[in-house]
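Inspection log for the structure reproduced underneath, given as structure tokens.
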Amino acid sequence: MRFLLRLLLNGFAIIIAAWFVPGVRLAGLAPAIFAGILLGFVNALVRPLLLLLTFPITLLTLGLFIFIVNAICFALTATLVPGFELSGFFAAFFGALVVTIVSWLLNALLADNSNNRH
């Protein structure tokens, strides 16, 4: 249940990114939710492999290359979801950054609320 909620929060974060980042376009609510679900799976399955393959570059850049990996995962999601489009690399980069920040904030609020109930 918690995993499904996180996927839906990803969809909401993608809507926020489409609102704030020029070049990130959504055709409606359904592509946003589907993109959120797919982004969750891409982050769970593809991102660890990319992090492993790019580990030397990540070390040389003191971890900053992880932002590029996030942009790649975001762009891969946009490629696979009809109705979710990116205009280029910078749209993917800043879109991924906004999604990361919004998801982090929403998950922190969710964790805080679940801690208050117990």
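The values are calculated or read from the model by the stated rules, or taken from the named source; none is laboratory data. Here the structure is a predicted model, which is why all the values come from computation and not from measurement. Cβ: placed from backbone, ideal geometry, glycine included. Neighbour counts: every protein chain shown. Only protein heavy atoms, including side chains, enter the accessible area calculation; ligands, DNA and RNA are left aside. Shrake-Rupley method; radii C 1.70, N 1.55, O 1.52, S 1.80 Å.
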Discussion item. I'd like to check one number: the per residue accessible area of the range 11-91, probe 1.4 Å, reported in Å² as a whole number.
Written reply: 57 Å²
Worksheet entry | GNM flexibility winner over the chain from P82, P56, P22 (Cα, springs under 10 Å) | P56
Item to complete: Subtract the Cα-Cα distance of F20 and F3 from 0.36 nm times their separation in residues, and report this length gain in nm to one decimal.
Response: 3.5 nm
Practice prompt. Would you calculate the volume per residue, in Å³, of the smallest convex hull containing every Cα atom of the chain?
Written response: 113 Å³
Practice prompt. With a Förster radius of 25 Å, plug the Cβ-Cβ distance of F12 and F89 into 1/(1 + (r/R0)^6) and report the FRET value to the nearest 0.05.
Written response: 0.55
